[in-house]
1. I'm trying to understand the selection: among the residues of the stretch B:312-329, which are modelled with pLDDT of 95 or more and surrounded by fewer than 15 Cβ atoms within 10 Å (Cβ to Cβ)?
2. Given (1) within 14 Å of chain A (Cβ to nearest Cβ); (2) crowded, with 19+ Cβ neighbours inside 10 Å, where does residue B:545 come up short, assuming only one miss?
3. Just to be sure, is residue B:107 surrounded by fewer than 24 Cβ atoms within 10 Å (Cβ to Cβ) and either free of Cβ contacts under 8 Å to residues at least 60 places away in the same chain or assigned to a strand (DSSP E or B) (or both)?
4. How about the stretch A:61-92: which of its residues are within 14 Å of chain B (Cβ to nearest Cβ) and assigned to a strand (DSSP E or B)?
5. How many residues, within the stretch B:548-570, are in contact (Cβ under 8 Å) with a residue 60 or more places away in the chain and within 12 Å of chain A (Cβ to nearest Cβ)?
6. Any idea which of (1) under 13 Å from residue A:132 (Cβ atoms); (2) free of Cβ contacts under 8 Å to residues at least 12 places away in the same chain is the one residue A:180 doesn't satisfy?
7. With the requirement that a residue be within 30 Å of residue B:365 (Cβ to Cβ), modelled with pLDDT of 95 or more and assigned to a loop (DSSP other than H, G, I, E, B), what does the stretch A:141-194 give you?
8. Residue under question is residue A:213, and the condition is that it be in contact (Cβ under 8 Å) with a residue 24 or more places away in the chain and surrounded by 21 or more Cβ atoms within 10 Å (Cβ to Cβ); does it hold?
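The values are calculated or read from the model by the stated rules, or taken from the named source; none is laboratory data. Keep in mind that this is a model prediction, so the values were computed, not measured. Quick reminder, even Gly has a Cβ in these numbers, built from the backbone with ideal geometry, and neighbours come from all protein chains shown.
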């Protein structure tokens, strides 16, 4: 049972921390250190991103571990990250665009950052051989709502060992989250969920998944205990996808953050967590909630409430849910919540706390 | 003959400037009458130089005359002339302990007085605001010292005196006629590190009734200095890219005196700043992110002032246009202003009142086309020096106004100054000031990307008290003097509804921070002594600034009760000078203390800078000249004022100024 749990965990890790669940690694067992890399996005104009390291065993947090370990600053905005099976963490940076590769436990730089082939990178998924990175590219058009769209978004493919760029593949507009299931790479875009064949770096298009009942862009992807994919569509909620038939099998209406659209699933794949913040007429964050969706029934419940959440994560070690009262002009307050919704602990993190990489 | 030659020199220099010919830059010029302290405090106690103007008349006193209980740093014409090739940012940075946020050499520089933001300090030229209405603040690197004759730095809240925005302080720049008959002027050429060039030229013509002043400047720099990149392992040495600038401007003034001693003045200035935006060190090798910004500022005003035996009056009409282009985005605003004021003077009272009206028309893609603004203000000031307590001065003031779609808080002030000791060269004054100040949200705050009428005006309540002491001594046997001036001020300023831009979903919107508290102390001392054939001087300015958010937008904000970002608690400036005959040497010391970024755990290390230099003066062809050589940051300190924005290491400047 325990072994099955770990195997499932490996698959879940694919979804929640963007580590690939592929045929090559499904038999791997990755021991957990009960540590969390907390990504503090930073203020875009200030390059004030930072990395915190949270110890689930004792509830302590170390801030600015990258600077302490390396004697230099990241000097960028950190959008997301991923932990590879070898415990190397990929820190996806914007402005300047780069991927810092560090040892998860020490935050020490492992190798020179990846810069080739990046243009506003968004998210990454990593296997034991490849790194796949979504990029917006720099070309944009202005949408009818006044917001920029990036129609030439692409996925860049890298060799994990050499960190060399292998190829770039156009995937549509506003490419965001991605997930590898078997040899299929699922990519969230404005057009829907694009499916690519990752076999032998082929990267040909296998399909585009979109429900007629759902408008807006797809943002992020997770996998559940039945090995079904779920994609967030902030305009509607979350959408269940059969990764084999590429068909939409369920739509659940649940509030999803419109800007980030990030979702996360728990260790067992039984629940998917979303978050959403409500702003009042004066653009002040008024209330924010974490929502839990039962993957089997599609029922929605409110787990935890606050003022302004931006990001959610679930620990595979403790099942605790991580979020933060976020601030982009000062430090955020990270909050750890039990699966039943009680506040377990809180800790001051960096500016713009948004992602949690468990290892 | 010499004046004719000088005029020709001026003429060709002017043409060279207009043609974009190189010129130069630096500071520290020395003049014949140059004995005024580098920075005076509220009062100048020893009169070392006297400039006598013809046509003396009773005129309206500046509003700063009513600030008897607060601290005004008064930079004289002489000290300003020493730094003619510098921007206002350079001047304040070197000559006071006021903190300036700098994004690089010649890049954006913003004042922070007593921990407040740059939009909380008004900057005005002859009473005309230099801030850009859309942004509500002034980039001090865009204000050339070369144009100005006087500068008052009023530290502390002063909205009743200077109007909307004077929450932290006010900078009052002034130009004035010399009434020196005939042609006069100067030509200035300066060279410096990083291909820095500065040229300036001024021509004045005056007869008994009319004076014209024309000034031009042109400056450019590559600013390709080296720095240690603190975002790359090993801190590699790199050279800065995309940091050059090419600036120029013209100032034209006409003064006309009438028989009743009234005065008609026309001022016009036009400035152009074409500046590459210095990249952060992490973007220094990313040319795809490089950008430039172009600013053009026009100011024109026509004023008339006069007086009778008791009553003085003045009126002004002015026009301003500010244009800024960043990539494809253009932000422009035009402003028309009319103002009038009158003053009643008696032996014990000065009563002054006035009003102003402004019409502002902004133009920006992110503003609705219908956005326009009307502003009106009325103010009243009174200063009382009772005959029965001759060493007491009390002043009070109030300002009220209205602004389109905004509430304007009432702005009163009360100042008191008591001088219990004034004898045998010693003078000791006690002073105190209370003021309520405000700032209406800028046009960007209210209209950028929508209409943010929910925003409240920022307002502050400031209380301060301090002591001024001065001493002047003369050794009659050897005819040598010594002098000392000093001040110590304590203040407390509570700012409510401080405006900051915060993310609100997919966009950023301005919000009011409920309460920020600034408390601190300011100390300034200045000592001068004549010793044998030497004239020695030493000065020190120190400020302690404790500025914290007391109430935030959410109760759990970790930055509550922490020092605000980019605000050093300790800031110190000191200088030592030694003069003999035509030579003056100087050492300037500058310390900026530890401060944080937006992250309270991200601490920027303090830095200590040392500048040295020498200035020579002489006569060539019957006219005066000055030659100044300065070595800046001689310890080659690698530092950042704002995180990730490199500042220059050791560098030099040489300046030659020729007067005619």
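1. B:317
2. Condition not satisfied by residue B:545: (1).
3. Details: surrounded by fewer than 24 Cβ atoms within 10 Å (Cβ to Cβ): yes; either free of Cβ contacts under 8 Å to residues at least 60 places away in the same chain or assigned to a strand (DSSP E or B) (or both): no.
So residue B:107 does not fit the description; no.
4. Passing the criteria: A:61, A:62, A:77, A:78, A:91.
5. Residues meeting the conditions: 2.
6. Residue A:180 satisfies all of (1) under 13 Å from residue A:132 (Cβ atoms); (2) free of Cβ contacts under 8 Å to residues at least 12 places away in the same chain except (2).
7. If the condition is that a residue be within 30 Å of residue B:365 (Cβ to Cβ), modelled with pLDDT of 95 or more and assigned to a loop (DSSP other than H, G, I, E, B), then A:150, A:151, A:152, A:173, A:174, A:175, A:176, A:189, A:190, A:191 are the ones that fit.
8. No.
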